[in-house]
1. Filter segment 100-159 for residues that are β-branched (Val, Ile, Thr) and over 14 Å from Ser69 (Cβ atoms); which is most open to solvent (accessible area, probe 1.4 Å)?
2. Run Lys49 past the list (1) modelled with pLDDT of 95 or more; (2) under 24 Å from Lys250 (Cα atoms); (3) open to solvent by 50 Å² or more (accessible area, probe 1.4 Å); (4) among the basic types (Lys, Arg) and report the number of the one that doesn't hold.
3. What are the residues in segment 361-406 that are among the polar types (S, T, N, Q) and open to solvent by less than 30 Å² (accessible area, probe 1.4 Å), if any?
4. Can you name the residue in segment 272-314 that is surrounded by fewer than 18 Cβ atoms within 10 Å (Cβ to Cβ) and polar (S, T, N, Q) and is also farthest from Gln67 (Cα to Cα) among such residues?
5. Checking Arg85 against (1) open to solvent by 10 Å² or more (accessible area, probe 1.4 Å); (2) closer than 19 Å to Pro220 by Cβ: exactly one of these is not met. Which one?
6. Does segment 437-445 contain any residue that is out of contact with any strand residue (DSSP E or B) (no Cβ under 9 Å at 6 or more places or on another chain), open to solvent by less than 80 Å² (accessible area, probe 1.4 Å) and assigned to a loop (DSSP other than H, G, I, E, B)?
7. Would you pick out the residues in segment 48-83 that are outside any helix (DSSP H, G or I) and more than 21 Å from Val280 (Cα to Cα)?
8. Return a yes/no flag: does segment 332-342 have any residue that is buried (at least 23 other Cβ atoms within 10 Å of the Cβ), within 18 Å of Tyr217 (Cβ to Cβ), of a type outside the set (Lys, Arg) and modelled with pLDDT of 95 or more.
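The values are calculated or read from the model by the stated rules, or taken from the named source; none is laboratory data. These numbers come from a predicted model, not from an experiment. Note that we place each Cβ from the backbone using ideal geometry, even for glycine, and neighbour counts take in every protein chain shown. Just the protein is used for accessible areas: all its heavy atoms, side chains included, with ligands, DNA and RNA removed. Shrake-Rupley method; radii C 1.70, N 1.55, O 1.52, S 1.80 Å.
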Amino acid sequence: GSAMKRRAGEREKELKKKKLLEELGENRLPYLTPADANFHQLWKTKYSKLIFRKSDTVPEELHQVVQESFLTLREHNCFFQDLVRIKGKDFLTPVSRILIGNPGCTYKYLNTRLFTVPWPTEGYDIKYCSPQMHDACKALMRLNDYLHVEAMKAIRGQNLFETKEIKATAVIDREHSFAASLTEQESVSKDRSNVCVPEDDRGLKNRTSYNLTLLNYMDPLQMLYLKQEPYFGMGSMAVSWHHDENLVEKSTVAVYNYSCEDSAVQESHEQELKGRDPAVWHVGLKVAWDIETPGLALPLHQGDIYLMLDDLNMTHQHCVLAGLSPRFSSTHRVADSSRGTLEYILGQCELALQNLQTDSDSVALSLKSLEAAVVKQVEEIHNEVEFEWLRQFWFQGKRYLKCTDWWLKPMAKLEEFWRKLEIMTSLVLSEVRKEQQIEEQRNETISCFLLLLKERQKLRKEWTAR
């Protein structure tokens, strides 16, 4: 059901996009850069949950270790283009990536699951392939802690500002007309209730405690072709318009930018360019599915940081506009780990194996229950282990071994579980062939079992083709 809903949602978005582009024809929507007179007013009114920090606000020593870590990872060839699946077709991403974060965490986007190279976490035995790799992961963990604190400050600051703004509105109303102000105040409070209620520290921490960072690298001069931004005419895109996927609701995304600018690639001050400078990397923002509000293009320089607070990632879309120099970024996220951690999938395997009866007197194996609901749960977990974890991991080859062998033991354990799940599938098959079962119960078990077997067969064919 959820897969069908998702496909329907994607189709609807595609139709919207098609219609929008047809309406535009050759006319492009307006967008603003910091050089435009109304830029800051537009930012304040329509993009206020985007927070920008220039590089000089960040400690110099942090810049140094983080930028060294990017270069170390590049030297060790740790950035990889991902093969992602969009509308049933596979594409290589123009940007190369690596995921670093909490041990056992994963992040899924466009049907590809990435597995974290763990940063040095207390209580975990993590062996890195070199001391430089350890230092690189440690530096990114430090950046993660720094951005967590910055995001907390930014949200508190915004809550405070909005509370003051509401109070100011109420005072003006009261001066204007005391009698009317009571009802007006109530309506203002109701309209703004989602932003002005002070948030407890725990809720704030949950939405800013990044559990991983997705690192990106791209050298635009090595790319034969980059898509052009379709709505505003902003130029070449490294990453198309999107919402970040698989995140905790209303969590903040924090991005550290490191564009390797040199004297050959400077901003064009000689001539007044209309729109954004194509030599400089930018982040583009737009209100989702809105053709009235102008877009924003913000230049990104070495060491700049931006934060997308609260629901900005859902109400707006963003893209990355390519400059001329190579560029790294570290994008810190609160990934939704409800179904994406090693702890979760091992727990699911233990749950499934509760239905396996081992006879202490012999080596014979049997199932405790053949109830349709139990069989369905076990076979769903079987599919999840195989297609969401094992195939996703080995499909990406031995890329993680360039950094650490941390994932090899857990994967061996998951393979062991998978072999037992295969035995459980064959036990269901042999049991439903027997006649002594109540026919109605047998038919119910067979029908739900067959659905999941067909799904498994279809997915195996797809993965073999990939």
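1. Val149
2. Only one criterion in (1) modelled with pLDDT of 95 or more; (2) under 24 Å from Lys250 (Cα atoms); (3) open to solvent by 50 Å² or more (accessible area, probe 1.4 Å); (4) among the basic types (Lys, Arg) is unmet by Lys49, namely (3).
3. Ser369, Asn383, Gln392, Gln396, Thr404
4. Among those residues, the one meeting the criterion is Thr293.
5. Condition (2) is where Arg85 drops out.
6. yes
7. Ser48, Lys49, Pro59, His76, Asn77, Cys78, Phe79, Phe80, Gln81, Asp82, Leu83
8. yes
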